[in-house]
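Every number here is computed from the coordinates shown, using simple stated rules; none is lab data. The shown structure was predicted, so the numbers you read here are calculated from the model rather than taken from an experiment. FYI the Cβ positions are ideal-geometry reconstructions off the backbone, even for glycines, and counts take in every protein chain you see.
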Amino acid sequence: MANLSVKKVEVCRVAPKPGSPENQSLPLTFFDLFWLRFPPVERLYFYQTSSTDSVPSQLKTSLSLALQHFPPLAGNLIWPQDSLKPLLSYVQGDAVSVTVAESDADFDHLINSVFLAAKDFSHLVPQLDVTDERAAAMALQITVFPNRGFSIGTAMHHAVLDGKTSTSFVKAWAYICKHEEEQTLPSTLVPFYDRRVVKDPVGLGELYSKEHQNHDGRAENRSLSIAFFRKAPKATEDLIRGTFEFTRALIQRLREDVTTKAGSHSSLHLSTFSLVCAYKWVSMVKAEEIKGGKTCFIFSVDSRSRLDPPIPATYFGNCIVGRVAVAETKGLLSEDGLVVAVNAITEALRSLEKGVLDGAEDWVSNFLDFSLYDRIYAIAGSHRFEVYDTDFGWGRPKRVEVISIDKTGAISLSDSKNGGGGVEVGLVLKKHYMKAFDALFASLVH
């Protein structure tokens, strides 16, 4: 599908409904500061309906109401000269940039195809406005496919919020839209803003801020511009997006396979997450024909319930810690490769027992010594976010994708649109690597 036609109809600004707090300023915690210069996270939700004329107005009206509960998302990141740390600032008059567009593209093709050119979705997500001095918290795009459906593209600044908070916001917006502008949210969607619950006795926030200021050898570097940590691939015809479903039955088969090979007395972590990630890791190493040395697999863990004391599940912002699983490539390529991968992921998870903040003072300065590994894999998203439960009143989404993986090279993870405890995995790879991964997955399924 080489020619995806998208025409911008309008670019407007949607503010929180009058009556919202006039001003709100949130200092960034060390959890936020880690992500200060990371690229934004972009998601795309597709909904099917034959009545599309009123969709943009309904979404904009409900967005204004939702922003009453989330006014910081209409604000901006700033780093004043007199502030040690950047701030998330909302002042009256701030608003979210919303692009409304139309497309005559084949909607059924976009929601049903297992494989698509990576660039097919790129015009359906907005650009986040980021400069050295100021970075928007969020931007949105509503694209109408007349009489077929619509998509909602989100771009969220990672230093403002993590995946749990961002998907909770979209669910809150959806709830208000579905319930005809009901302004009271369920308690599970009401954000908790008190930053004092995140304790920082050793001054990690100050440490991270200074490291950002000294980045690239520059003193007082307060730039908020995005810095890419790896060379982003170009979205050419050769770059393919693929979506693969791991059903509950398939995951159970992987669990039985690992148990058979490792022995029933093994203490391996055989959760859905561990098994799906292990399979992806092994298959990617095989598909990309990685040779020798070591590869690593990076994933994030929600720490709200793991902090001492725990903080509310609806805490607004970032509260995730990264963990790195490392394995010898030859082990991953062996007959017991899946066991090797699960074991490495288990070891990484066990490190949480030392405390989620163990080694946190080095997170920014030594984010990762990339030279140690032949290939680095990372996860974006989580099946626990249950993105397919995001219903604006037009039913469950027909497709949800993390679009930003085509820039970051990460592997996306979500619940399955078919439900039943399944998991969806999204990849963006060169065409020949995607063919190789697909062949490996087909042999597992059949």
- request: Once you've got the GNM for the chain with C-alpha springs shorter than 10 Å, pick whichever of 349, 161, 44 has the biggest mean-square fluctuation.
  value: 349
query: Can you tell which of 353, 424, 245 shows the greatest fluctuation in a Gaussian network model of the chain with Cα springs below 10 Å?
result: 353
statement: Simple spin-label estimate for residue 147/residue 289, 7 Å along Cα→Cβ, in nm, reads 4.9 nm
query: Rounded, prolate or oblate: which fits the chain when a ≥ b ≥ c are the square roots of the eigenvalues of the alpha-carbon gyration tensor, with rounded for a/c under 1.5 and prolate only if a/b beats b/c?
result: oblate
field: Translational diffusion coefficient (Stokes-Einstein; Kirkwood radius from C-alpha pairs) of region 46-126 at 20 °C, 1.002 mPa s, in µm²/s
entry: 133 µm²/s
message: Just to be sure I follow: if Rg is taken over the C-alpha atoms of region 321-403 and Rh is the Kirkwood radius over the same atoms, what is Rg/Rh?
response: 1.08
- prompt: In a Debye calculation with equal point scatterers on the alpha-carbon sites of region 120-196 and no solvent, what is log10 I(q)/I(0) at q = 0.17 Å⁻¹?
  reply: -0.86
- prompt: Once the Cβ-Cβ distance between residue 440 and residue 336 is put in as r, and R0 is 22 Å, what FRET efficiency do you end up with, to the nearest 0.05?
  reply: 0.85
- prompt: Once the Cβ-Cβ distance between residue 84 and residue 182 is put in as r, and R0 is 56 Å, what FRET efficiency do you end up with, to the nearest 0.05?
  reply: 0.85
- line: Sorted on mean Cβ neighbours within 10 Å (highest first), peptides 88-101, 200-213 come out as 88-101, 200-213
message: Under 8 Å for C-alpha pairs, at least 6 residues apart: give me the relative contact order for region 320-446, rounded to a whole percent.
response: 16 percent
- request: Show the residues, 5+ positions off or on another chain, whose built amide H is closer than 5 Å to the amide H of residue 192.
  value: 315, 316
- line: Net charge (Lys, Arg +1; Asp, Glu -1) of residues whose beta-carbon lies under 12 Å from that of residue 212, residue 212 excluded, is 0
task: State which entries of 164/330; 291/435; 199/417 exceed 30 angstrom in Cα-Cα distance in the structure shown.
output: 164/330; 199/417
task: Please grab the % of Cα pairs in region 254-295 that end up more than 13 Å from each other.
output: 59 percent
task: Would you mind calculating the relative contact order of the chain from Cα pairs under 8 angstrom and at least 6 residues apart, reporting the percent as a whole number?
output: 21 percent
message: If you scale each eigenvalue of the Cα gyration tensor by 5 and take the root, what three semi-axes come out for region 218-345, rounded to whole angstrom and sorted largest first?
response: 30, 24, 16
Residue-count net charge about residue 40 - beta-carbon cut-off 12 Å; Lys, Arg +1, Asp, Glu -1: +1
statement: Candidate cut points under chymotrypsin sites (Phe, Trp or Tyr not before Pro) in region 370-439, DSSP loop plus at most 15 other Cβ atoms within 10 Å of their own Cβ, are none
- request: Return the subset of 60/407; 171/210; 85/398 for which the Cα-Cα distance in this structure is over 30 Å, preserving the input order.
  value: 171/210; 85/398
field: Fluctuation leader among 153, 292, 426 - the chain, Gaussian network, Cα springs under 10 angstrom
entry: 292
field: Positive-end extreme of charge dipole, region 12-166 - chosen from 27, 99, 138 (charges on Cβ)
entry: 27
field: Separation in nanometres of the label points that stand 7 Å from Cα toward Cβ, at residue 259 and residue 5
entry: 5.5 nm
Full-extension gain in nm, residue 326 to residue 214, via 0.36 nm per residue minus C-alpha separation: 37.4 nm
task: Could you work out the local net charge near residue 29, counting Lys and Arg as +1, Asp and Glu as -1, over the other residues with Cβ closer than 14 Å to its Cβ?
output: 0
field: Tensor-based shape of region 1-77 (alpha-carbon gyration tensor, a/c under 1.5 rounded, otherwise prolate or oblate)
entry: oblate
- prompt: With the calculation restricted to Cα positions, what are the radius of gyration and Dmax of region 267-425 in angstrom?
  reply: 16.7, 51
query: Taking only DSSP H segments of four or more residues, each worth -39500 (n - 2.57), what value at 222 nm results for the chain once the sum is divided by all its residues, to the nearest 500 deg cm²/dmol?
result: -8000 deg cm²/dmol
